[in-house]
Structures are given as structure tokens and as C-alpha cells.
Amino acid sequence: MCGIVGIVSKKYNILPSLIDGLKNLEYRGYDSAGVAYFINNNLKIIKEKGTVKNLENKIDFKEKVNIGIAHTRWATHGNANKINAHPHNVNHITIVHNGIIENCNELKKDLKDYNYTFKSNTDTEIACAYLSYCYDQNKNIHMTIERFMDKVKGSYAIALLIDNDDKNIYLLKKESPLIIGLGKDTNYIASDITAILNYTNKYISLDDFQYAKVNYKDILVYNKSGDVLKKKINEYKSKNIVTGKAHYKHYMLKEIIEQKKVISNTIFPYLEKGIKSLLKLPNLTKYNQINIIGCGSAMHAGLVAKYLFREFTNTKCEVFLASEFRYQNNFLTTDTFNIFISQSGETADTLQAAKLIKEKKLDSLGIINAKESSITKVVDTSLYIEVGPEISVASTKAYSAQVAILALLVLSHGYRNKTISSKQTESIINEFKKINVFINKMSNKKDQYKMIAKKIYKEEHAFYIGRGLDYALCMEGSLKLKEVSYIHSEAYAAGELKHGAISLINKNMPVFSSATNDKLNSKTVSNLEEVISRGANVFLITDDKNLIDKSYETIIIPNVSIFLKGILVVIPYQLIAYYTAVLKGTNIDKPKNLAKSVTVE
Ligand code: F6R
């Protein structure tokens, strides 16, 4: 939530790159944006409501600027308006901030006693005032930051400028991500590498309670006590992934289409030498129960794995919403293994749940996209999905890659605990090696998806119903439709509908379903008959050609192992949601009220 960029350079005219970086971070928030920079030693702040484009229109790119910080916001404290937009300035201090200051009310009360007044409703202005108050006491930025870190509760990634110091950007970090990118005669700061990939792929990532002083030559990173630290320089390597939108109109479409490549990238290391490669995945045989924890689509990927673990490896598996996990009794014992799934690696609820597991000294694994992200630093080890930056707020390629790697983890576990034979394991590995072909087949049915989108885009409600694995996939399908097309939809276990929710079925209401399991298909189809007879318009995804019927529209997927089916079923769901959103004219890559990286609880 909220994106921060900063640049300090020997050369002039950083403003275009600052705005470019901000645009690449808009997926983190897009309700207002702002920039602060020094020009001839004078501070200038420009802010606008709405997207970075609105801010861009207000900037004079001819100005000779070589140091600046910028921000794109997802409102937490205070409405989305120009006054609440960052940067905030109090006396000598100007900051942009990502995170939440939890004790802001207490700080505000104290600061008011010292005659500070506030223009905005944000916690950020209070943080800025507190920094200003500390700085005014001693005029020493190191002491100021140490005092701030001692006093302020909550999460923060802060980039800070001080009047009369037009050479340096200062950074403070706790629980919200912040990196420093290394360029030639130029250094960058950003919430994540996507903002600055056009300029550098080398970066340092700050840990909690670290701060930094960055100018165009030097980067000094300190711990809270002011000791200079030696930090590792990371290199971001993307596996032939095209950044930017390429020729696509939206990132969402680009990211759906590139799934054939990025899923192969993700799983190839575990397939290339057959079972030998598969066994590079962690050995889970000593555990009695697998817990999977995540939010939104990441949690939905966990539900697919739960089904596979239970059905095919006879292993207890539970899936938890990270936001609930922390506040309930999870009956954790030393023989439970805990898997945290997160594209961003920054989701606050998932991060806190991972910290809880660490405190209890239980074993954990992250399935993560963003390298060096906060969750990777808390879990014991991480398996990375190699999908490159996911920019569209609605997750597509990350979800599919999570499902793919989880399916292989289940397969390796089944092989190890002998619930899946070597022959079956090899045959599934061979199918996974061809996943790009199967995905391509599903992506190529665009005309059918567009036709379905045309049938549903004027509807206000939809259902997704399925059984077993298909129920888990319904949850993801339903989430995709609602978040990008704003059509209200619900995912239901197909057999449960008649216990209440069937009363909502009206004439023409779209009902999506998938039937990918011979044992359950006939029961699912009976449930579809029940809604058809009440007027619903049914769309069924299946590999069973015998289920083709005139009374509903059928999308056929390749007849492959159930380990791959989750990935194939979800592609029609993603593309139908996309084309429906196109017809509705919504802001597809940045749906209203959402942000990509949910760093608040
Ligand atoms: C839905 C979506 C969200 C995320 C969720 C978790 O399309 O993108 O539901 O899946 O916010 O985010 P990560 O995976 O970054 O932890």
C-alpha cells in the first residue's frame, strides 16, 4: 500500500524518472500522488488527487532537479484528497511514508501541547511533525531517527528530506519495504524494485530498525544505534520476462497470456531431471499436519493444495486466512509445517502470521514472488515463483504459479510417503513439462470467452459453484470477476446451494462451474440442472466431453492429471473476468478501492 520513489543524482533532471518510477508503483495505491524536490536549494512540493498522470500534468519537466522523493497513495488515515496526499512537510522536515503509525493519536496530543498544528488527517503528518520536533531539539538527524524509532509504534518506510541539505535523502524502515537502487552517479530509493528496474537491477534492501543516508555517491546504512552496517548488494534477475505492458492494452491481459512462459520458468528446476529434480522440493514427511496461510488469491492457491494433500497423500492439511490465523487457537505443535503464500511477500497479515510461527519456533516455508521481501526474512526458507513483477492488481500469473509449485510439492510428498507411485509421479512430471502447451490451448479460446463476457456483463450477480478441487477454483474465479468487473459474485460448494442461497437464482443469472473429477462430476451436473431449471445461465468448464449439453455453454480443457487441472480451469475464469471488465469499462489494472501490496492489517 502506497509507493515510494526517490532519486539523487549528480546529473540534473531526475523528474521524468521519478514520475516513471511512480507510475510503475501505482499498483500499490493510486488515489493521490505527490513529489518533493530541491531546486536552487529551495524545497518545492507538488501534490494532486487521483493517479500519477494528474500529478505529471502539473510538473514542469524543464526544471533542473537532481534530488527528489515521490509518493503514490492508498488512503488509510484521511480521505483521498490533495491535502492528505504525501509528501508532508513540517518546518525543516519533508517526508513520504508507507505504513501505519499506530500511536499517532498519542503523538498528536503531545505535539499539540508543543503548539504543533495539523493541516491533514494523516498519521504521516504526525510522524513528520514528530521528526521535526526531535530535529529541532538537537539538529542531529541520527539522534532524531533513533528517538523516532524508540517512540513511534506501527510500520513505516519513510523517505525524508531536510531543508538546507539538498544532497541527501534519509530513509527509515520498520515493517514496510524499502530498497536502495545503485546506479552510476545516481542512487535510487523505492518501495520495490519494479519502480527502478528501468535504471538499475542492483539494490540493497533495508531491514527493520535500519536507516540510511543516500546521496549520488554514497549509501550509508545504519542500525538504530547509529553503527554503520555492511549490506549485501542484490541483483534482480528476471528470467526473460518482458517488463512494461508490451503491446497489450492492460497488464492483466499481458500477465494472463504470459502464464505459459512464467509457469514453466517456475517449475522447470523441479522437473528437468524427473523425480531427481522433484526431490529438490522440501521433504515434509516428518510432519503430521501441513498448515497453509495467506490472503485472497494466495489463500485460494492454498485451498487447491489442501485438496491435493488430503486426496492424494493422505496428509492432514488446513488452510488459514492470515488475518484470522493470529487471533485463534490453531492447535500448533512441533509436527505441524507452516507454508506462507504471498506474491508480494509484504502482506501485513501474512507477515504477522509468519512472525507468530517464528516466535513459536515452528518450521516454515514461504512461497513468494518478490525476492528479499519481508516474509522471506521471517520464514525458514522460500520457494520463489519466477513470474516477474505482477503489476495488475488482480493476481493471475502469481496465483497460477503458486498452484503449480504447490502441486509439485504435494507430488514430491506423495512420492516420498509412497501414496503416489513412481510411475504416477513420472507421468505427472511429464505432463507438467508440457504445461505451456496446455496453457496456450486455454488462452487461445478468446472468442468463446468474449462471447460469454458479452452474455454476462450487464448482470449484477453471479455464482460459481463446484465440488472438491472445483470448489477451490470457484473461489478464485469468483474473486477475479468481482474485483475487476464489479459484478457481485459468490463461490459456493455446489451441494450447499440448495440449503439457502438457491433462493437468489434469477432468470439469466450467470452460474459458472467446473467439473474435473469423474467421482463428483455427475453430482455437480445435477446441481447445475437445479439452477438451470430456475432460469440460470450456466457455463461449465470440464475435460469430460460427455458433459457437453445444449442447456449450458461448455469450455473444454485438456484431459490431464488433476494436479494440472487447477491451472487450466482458472485461465477461462481469468479471461472471462477480464473481457467482462473490458465491456464494463472499469479500471482493470487498478480496480477501485484496491491496492496490490496490502501492508496494513
Ligand atoms: C486478488 C489479489 C489479492 C492478493 C492478496 C494477497 O486478485 O491479488 O487477493 O492475492 O492481497 O497478496 P499477496 O499474495 O501479495 O500476499
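The values are calculated or read from the model by the stated rules, or taken from the named source; none is laboratory data. What you see is a predicted model, and the numbers here were worked out from it, not measured in a lab. Ideal geometry is used to build each Cβ from the backbone, glycine not excepted, and the neighbour counts take in all protein chains shown.
Pairs please, first residue from segment 469-497 and in a strand (DSSP E or B), second anywhere and within 15 Å of the ligand (Cβ to nearest atom) and basic (Lys, Arg), Cβ atoms under 6 Å, 6+ apart in sequence or on different chains.
Ser489/Lys482
Quick check on segment 98-115: of everything there that is within 31 Å of the chain's Cα centre (by Cα) and free of Cβ contacts under 8 Å to residues at least 60 places away in the same chain, which residue is nearest to Pro87 (Cα to Cα)?
Filtering segment 98-115 down to residues within 31 Å of the chain's Cα centre (by Cα) leaves 98-105.
Next cut, free of Cβ contacts under 8 Å to residues at least 60 places away in the same chain only: 101-105.
Working: Ile101: 16, Glu102: 19, Asn103: 20, Cys104: 17, Asn105: 20 Å.
It comes out as Ile101.
Select from segment 165-200 the residues that are in contact with a Ser or Thr (Cβ under 7 Å, 6 or more places away or on another chain) and closer than 19 Å to Asp218 by Cα and list them in ascending order.
Step one: filter segment 165-200 for residues in contact with a Ser or Thr (Cβ under 7 Å, 6 or more places away or on another chain), giving 174-179, 181-183, 185-186, 188, 197, 199.
Across segment 165-200, the qualifying residues are Leu178, Ile179, Gly181, Leu182, Gly183, Asp185, Thr186, Tyr188, Tyr199.
Restricting attention to segment 279-308, report how many residues are of a type outside the set (A, V, I, L, M) and within 19 Å of Val570 (Cα to Cα).
Adding up the residues that qualify gives 8.
Scan segment 393-423 for residues that are touching a residue at least 60 places away in the same chain (Cβ under 8 Å), of a type outside the set (A, V, I, L, M) and within 23 Å of Lys286 (Cβ to Cβ) and jot them down.
Across segment 393-423, the qualifying residues are Ser412, His413, Gly414, Tyr415, Arg416, Asn417, Thr419, Ser422.
What about Asn288, is it more than 16 Å from the ligand (Cβ to nearest atom) and closer than 27 Å to Thr334 by Cβ? Break it down into steps so the answer makes sense when it comes.
On the way: more than 16 Å from the ligand (Cβ to nearest atom): yes; closer than 27 Å to Thr334 by Cβ: yes.
Yes: the conditions hold for Asn288.
What do you reckon, is Asp518 within 24 Å of Gln424 (Cβ to Cβ), more than 16 Å from the ligand (Cβ to nearest atom) and modelled with pLDDT under 95? Please lay out each step first, then the result.
Numbers: within 24 Å of Gln424 (Cβ to Cβ): yes; more than 16 Å from the ligand (Cβ to nearest atom): yes; modelled with pLDDT under 95: yes.
For Asp518, the condition - within 24 Å of Gln424 (Cβ to Cβ), more than 16 Å from the ligand (Cβ to nearest atom) and modelled with pLDDT under 95 - is met.
Failed condition for Lys418, given (1) charged (D, E, K, R); (2) over 28 Å from Thr315 (Cα atoms); (3) assigned by TED's automatic domain parsing to the domain that holds Thr266, with all others met?
With (1) charged (D, E, K, R); (2) over 28 Å from Thr315 (Cα atoms); (3) assigned by TED's automatic domain parsing to the domain that holds Thr266 applied to Lys418, the lone miss is (2).
Can you name every residue in segment 35-54 that is buried (at least 24 other Cβ atoms within 10 Å of the Cβ) and in contact with an Asp or Glu (Cβ under 9 Å, 6 or more places away or on another chain)?
Once the filter is applied, which keeps residues that are buried (at least 24 other Cβ atoms within 10 Å of the Cβ) and in contact with an Asp or Glu (Cβ under 9 Å, 6 or more places away or on another chain), segment 35-54 yields Tyr37, Val52.
Spot the failing condition for Ser364; the list is (1) in contact (Cβ under 8 Å) with a residue 60 or more places away in the chain; (2) buried (at least 18 other Cβ atoms within 10 Å of the Cβ); (3) under 22 Å from Lys280 (Cβ atoms), and only one is missed.
(1)
Please work out if Thr599 is β-branched (Val, Ile, Thr), surrounded by fewer than 19 Cβ atoms within 10 Å (Cβ to Cβ), within 16 Å of the ligand (Cβ to nearest atom) and over 24 Å from Leu469 (Cβ atoms).
Criteria not met by Thr599.
If the requirement is being in a loop (DSSP other than H, G, I, E, B) and within 24 Å of the chain's Cα centre (by Cα), which of these qualifies: Asn593, Asn508? First the steps, then the outcome.
Working: Asn508 fails: within 24 Å of the chain's Cα centre (by Cα).
The match here is Asn593.
In this structure, is Gly500 within 22 Å of Lys545 (Cβ to Cβ), more than 16 Å from the ligand (Cβ to nearest atom) and either outside the structural domain of Ala453 (by TED's automatic domain parsing) or of a type outside the set (Phe, Trp, Tyr) (or both)?
Details: within 22 Å of Lys545 (Cβ to Cβ): no; more than 16 Å from the ligand (Cβ to nearest atom): yes; either outside the structural domain of Ala453 (by TED's automatic domain parsing) or of a type outside the set (Phe, Trp, Tyr) (or both): yes.
Here the answer is no, as Gly500 does not meet what is asked.
Within segment 340-361, take every residue that is acidic (Asp, Glu) and within 13 Å of the ligand (Cβ to nearest atom) and give me the one that is surrounded by the most Cβ atoms within 10 Å (Cβ to Cβ).
Top of the filtered list is Glu346.
What is the number of the single condition among (1) crowded, with 18+ Cβ neighbours inside 10 Å; (2) touching a residue at least 40 places away in the same chain (Cβ under 8 Å); (3) among the charged types (D, E, K, R) that Lys173 does not meet?
It fails just one condition, (2).
Tell me, which residue of segment 369-378 that is part of a loop (DSSP other than H, G, I, E, B) and touching a residue at least 40 places away in the same chain (Cβ under 8 Å) is farthest from the chain's Cα centre (by Cα)?
The extreme case among them is Glu372.
Can we say Phe337 is touching a residue at least 12 places away in the same chain (Cβ under 8 Å) and away from the ligand (no atom under 16 Å from the Cβ)? Write out each step before concluding.
On the way: touching a residue at least 12 places away in the same chain (Cβ under 8 Å): yes; away from the ligand (no atom under 16 Å from the Cβ): yes.
Considered against the rule, which asks whether it is touching a residue at least 12 places away in the same chain (Cβ under 8 Å) and away from the ligand (no atom under 16 Å from the Cβ), Phe337 comes out as yes.
Would it be correct to say that Val304 is buried (at least 23 other Cβ atoms within 10 Å of the Cβ) and in contact with a Lys or Arg (Cβ under 6 Å, 6 or more places away or on another chain)?
Spelling it out, it is not the case that Val304 is buried (at least 23 other Cβ atoms within 10 Å of the Cβ) and in contact with a Lys or Arg (Cβ under 6 Å, 6 or more places away or on another chain).
A quick yes/no check of all residues on (1) more than 22 Å from Val96 (Cα to Cα); (2) of a type in the set (Val, Ile, Thr):
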{"position": "Leu161", "(1), (2)": "no, no"}
{"position": "Leu171", "(1), (2)": "no, no"}
{"position": "Lys174", "(1), (2)": "no, no"}
{"position": "Asp192", "(1), (2)": "no, no"}
{"position": "Ala195", "(1), (2)": "no, no"}
{"position": "Ser225", "(1), (2)": "yes, no"}
{"position": "Gly244", "(1), (2)": "yes, no"}
{"position": "Tyr248", "(1), (2)": "yes, no"}
{"position": "Val262", "(1), (2)": "yes, yes"}
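Rundown of residues vs (1) outside any loop (DSSP other than H, G, I, E, B); (2) away from the ligand (no atom under 13 Å from the Cβ), yes/no style:
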position: Glu386; (1), (2): no, yes
position: Ser392; (1), (2): no, no
position: Ala404; (1), (2): yes, yes
position: Leu409; (1), (2): yes, yes
position: Ser412; (1), (2): yes, yes
position: Glu431; (1), (2): yes, yes
position: Lys441; (1), (2): yes, yes
position: Tyr449; (1), (2): yes, yes
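Search segment 148-162 for residues being at pLDDT 95 or above and surrounded by fewer than 19 Cβ atoms within 10 Å (Cβ to Cβ), and hand back the single one that is nearest to Glu372 (Cα to Cα).
It comes out as Lys153.
So Phe312 passes all but one of these: (1) within 15 Å of the ligand (Cβ to nearest atom); (2) over 30 Å from Glu102 (Cβ atoms). Which condition number does it fail?
(1)
Can you tell me which residues in segment 511-525 are more than 34 Å from the chain's Cα centre (by Cα) and β-branched (Val, Ile, Thr)?
Val525
Condition (residue is under 30 Å from Gly50 (Cβ atoms), within 16 Å of the ligand (Cβ to nearest atom) and part of a loop (DSSP other than H, G, I, E, B)) applied to segment 577-586: is it met by at least one residue? Walk me through how you get there before you give the answer.
Start the filter on segment 577-586 by keeping residues that are under 30 Å from Gly50 (Cβ atoms), which leaves 577-586.
Remaining after also requiring within 16 Å of the ligand (Cβ to nearest atom): 577-578, 580-581, 586.
Right, trim to part of a loop (DSSP other than H, G, I, E, B) and you get 586.
The answer is yes, given that some residue of segment 577-586 is under 30 Å from Gly50 (Cβ atoms), within 16 Å of the ligand (Cβ to nearest atom) and part of a loop (DSSP other than H, G, I, E, B).
Within segment 276-285, is even one residue within 16 Å of the ligand (Cβ to nearest atom) and touching a Ser or Thr at 6+ places or on another chain (Cβ under 9 Å)?
In the first step, residues of segment 276-285 are kept if they are within 16 Å of the ligand (Cβ to nearest atom); the result is none.
No, that holds for no residue.
Taking segment 2-28 on its own, how many of its residues are crowded, with 24+ Cβ neighbours inside 10 Å, of a type outside the set (Ser, Thr, Tyr) and over 20 Å from Asn89 (Cβ atoms)?
Result for segment 2-28: 4.
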